[in-house]
Amino acid sequence: MSARDRAVGPVFPLVARDEASAAFFDAAARGQLLVRRCRIGGDVLAPETRTCPRCGSADLDEVVVSGRGTLVSWAVVHQAPLPSLVPAVPYISALVELAEGPWLLARLVGSDPAGPRAGAEVEVRFVPSGEPSAPPAGEVLPVFALVSAPGTGADAATRADGPMSEGEGRATS
Amino acid sequence: MTGADLAAIAGLGMTRLGKVYGRSSTSLAAEAVRLALADAGLSLGDLDGLLISGGIRQDVGVSLAGVLSTGPLGLLAQVNAFGASAGAMVAQAAQAIAAGVASTVACVFADTPLRPQRPAGAAWGAPKAGAGGAVGLAGWQLASGATNPNILYALAARRHMERYGTRSEQLAEVAVAQRAWAAGNPLATMREPLTVEQHQASRPIAEPLRLLDCCLVTNGAVAVVVTAADRAADLRQPPVHLWGYGQAHQPRRMLSGSDWGLVTPAARCGPQAMRMAGIGVDDVDVCELYDCYTYTVVVTLEDYGFCAKGEGGAFVAGGRLAPGGKLACNTGGGQLSGYYMWGMTPLSEAVVQARGQGGTRQAPRNDVILVSGNGGILEHHATLVLSPHRRRGNAA
């Protein structure tokens with residue numbers, strides 16, 4: 001994150017917990033990705049799922065998953081969809097398929113010289129939301145990175161600054 | 001079933017479209033209904049059914065009947081399947097007429113998302129982040145950044161591109177063709193010629209989608225009047241006969257094996273409507289396809305069977321959809337260059353084409369017109385098959 005960005009606002013908008021999401025964010029703070037699982041058939045489902053799409057059961061519990069998966073699709077966002085995301089652009093929103101089956105919408109962080117591609121291996125990373133230097137910090141958020149991407153240091157993990165986004169971001173100003 | 005030809009569109013009403021400020025959606029809706037009735041040579045006293053749909057703002061409802069001071073109605077409802085609403089309303093009107101519960105049904109769409117001194121891109125609402133930020137799992141999803149249709153459709157389009165090799169230059173062909181059609185439409189917002197190079201140079205919104213892949217935002221209202229085919233024949237305008245209709249809905253399947261972004265509910269809906277109409281894609285003279293994004297046109301053409309799955313990008317290349325091309329498509333400029341009235345954009349232009357009132361943009365043949373509506377993030381679909389001719393005795 002650059003000094004310029006800090007002046008504008010956090011790259012990850014501040015996210016607060018509610019009662020229903022407390023276990024999810026507690027897990028994230030421990031470095032674990034918590035999703036749902038159908039008690040009937042064992043299907044592993046996205047965290048926000050209410051009904052198992054295979055059997056129709058609403059009897060779901062929670063399970064920690066590996067955090068590994070593959071990239072289904074991604075979008076390089078240049079026009080922020082809401083004011084709290086303005087400091088983040090350009091960023092990558094990704095559709096990730098976890099190894100256990102469910103799809104998640106999450107930020108793709110870090111950079112990779114090869115750039116994203118469908119089917120690329122990804123793994124979960126955890127980043128603070130809100131402005132870390134200006135408490136109160138928000139909850140820890142699961143995000144994803146290409147497995148070959150550099151480490152999870154703040155510079156690498158918080159912006160989509162890879163050659164791909166720069167190369168395709170011409171004629172924006 | 002072959003009874004769909006019992007209904008026809010007898011009237012079309014369109015208010016001023018675009019930066020129309022100082023009018024409520026309800027006021028515009030009322031005007032569009034009056035215009036549609038007058039177009040048909042009917043009066044408010046003839047109206048016994050009213051179906052209403054709103055757009056981004058969703059601020060028009062059944063109170064419209066009171067605003068119009070209608071007489072007794074046998075059918076009154078608000079319909080919302082997003083971009084599929086227009087097709088759904090026409091089908092419901094036809095069903096009500098066939099069932100004898102109404103004889104003259106107005107279907108109206110109205111929206112006023114544009115505000116003075118606010119960019120059009122701000123029209124789409126986003127999840128509200130409170131003063132303290134976003135909350136719960138919804139907050140985590142907000143932080144994913146995929147919070148509006150531009151980004152979600154970009155994810156769908158990217159998946160199609162990665163799987164099938166569809167290229168941005170091919171999406172550009174859709175925008176370029178529609179702009180060429182828009183030149184002949186006095187109601188179109190964008191009528192200056194457009195090139196693939198200009199499309200490629202337009203600023204990225206959510207790659208792979210660029211500005212010129214995305215629809216306009218429009219204030220205004222559009223209404224059609226549906227009545228029995230026999231009655232429509234005696235009215236002021238040439239009747240536009242309904243040969244077939246269909247709806248298909250599928251919540252986004254967010255799990256392994258999902259074909260989201262590759263196949264849409266149009267794949268079920270189109271064949272259903274064409275089967276009812278007794279036609280196949282080879283019979284279609286004009287397509288009016290819902291085009292919230294260029295990509296939507298490509299995937300809908302595939303799903304309807306105009307080309308094999310995955311070949312939509314190649315199909316639209318070389319000006320196939322443009323004036324003089326092999327398939328007249330979005331002949332009024334669509335929502336990319338014409339006006340953004342959700343499903344009423346393709347439907348209104350289909351009525352114009354079926355009547356032969358397209359002027360310099362009239363398609364060379366108009367015997368069978370296919371109309372699509374797509375809503376949500378590829379979750380809702382409606383199809384209509386329209387024709388200037390009654391179906392019986394005309395089916396090939």
**Message:** Out of B:139, B:165, B:121, B:145, I need the residue that is within 14 Å of chain A (Cβ to nearest Cβ), touching a strand residue (DSSP E or B) at 6+ places or on another chain (Cβ under 9 Å) and surrounded by fewer than 17 Cβ atoms within 10 Å (Cβ to Cβ). Which one?
**Reply:** B:121
**Request:** Looking for whichever is at pLDDT 95 or above and within 28 Å of residue B:208 (Cβ to Cβ) here; the options are A:28, A:46. Which one fits?
**Result:** A:46
**Prompt:** So which of B:206, B:143 is within 30 Å of residue B:258 (Cβ to Cβ), touching a Pro at 6+ places or on another chain (Cβ under 7 Å) and of a type in the set (A, V, I, L, M, F, W, C)?
**Reply:** B:143
**Request:** Could you list all residues from the range B:248-298 that are more than 14 Å from chain A (Cβ to nearest Cβ), within 27 Å of residue B:205 (Cα to Cα) and among the charged types (D, E, K, R)?
**Result:** B:288, B:291
**Complete:** Being in contact (Cβ under 8 Å) with a residue 40 or more places away in the chain and not in a strand (DSSP E or B) narrows A:135, A:87 down to just A:87
**Prompt:** Name the residues in the range B:134-159 that are over 17 Å from residue B:205 (Cβ atoms) and touching a helix residue (DSSP H, G or I) at 6+ places or on another chain (Cβ under 7 Å), would you?
**Reply:** B:134, B:136, B:137
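This table checks each residue for (1) surrounded by fewer than 24 Cβ atoms within 10 Å (Cβ to Cβ); (2) facing chain B (nearest Cβ under 8 Å).
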| site | (1), (2) |
| --- | --- |
| A:63 | yes, no |
| A:67 | yes, no |
| A:73 | no, yes |
| A:76 | no, yes |
| A:93 | no, yes |
| A:108 | no, no |
| A:112 | yes, no |
**Prompt:** If you go through the range B:144-182 one residue at a time, how many are farther than 18 Å from residue A:71 by Cβ and free of Cβ contacts under 8 Å to residues at least 24 places away in the same chain?
**Reply:** 1
**Prompt:** Residues in the range B:280-313 that are more than 20 Å from residue B:259 (Cβ to Cβ) and of a type in the set (Gly, Ala, Ser): how many?
**Reply:** 1
**Message:** So, residue B:322, is that one farther than 30 Å from residue B:123 by Cα and either modelled with pLDDT under 95 or of a type in the set (A, V, I, L, M, F, W, C) (or both) or not?
**Reply:** no
**Message:** Need the failing condition index for residue A:57 against (1) of a type in the set (S, T, N, Q); (2) surrounded by fewer than 16 Cβ atoms within 10 Å (Cβ to Cβ); (3) outside any loop (DSSP other than H, G, I, E, B), just the number.
**Reply:** (3)
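The values are calculated or read from the model by the stated rules, or taken from the named source; none is laboratory data. Treat the numbers as computed from the prediction; the structure is a model and nothing was measured. Every residue, glycine among them, receives a Cβ derived from its backbone with ideal geometry; neighbour counts consider all protein chains shown.
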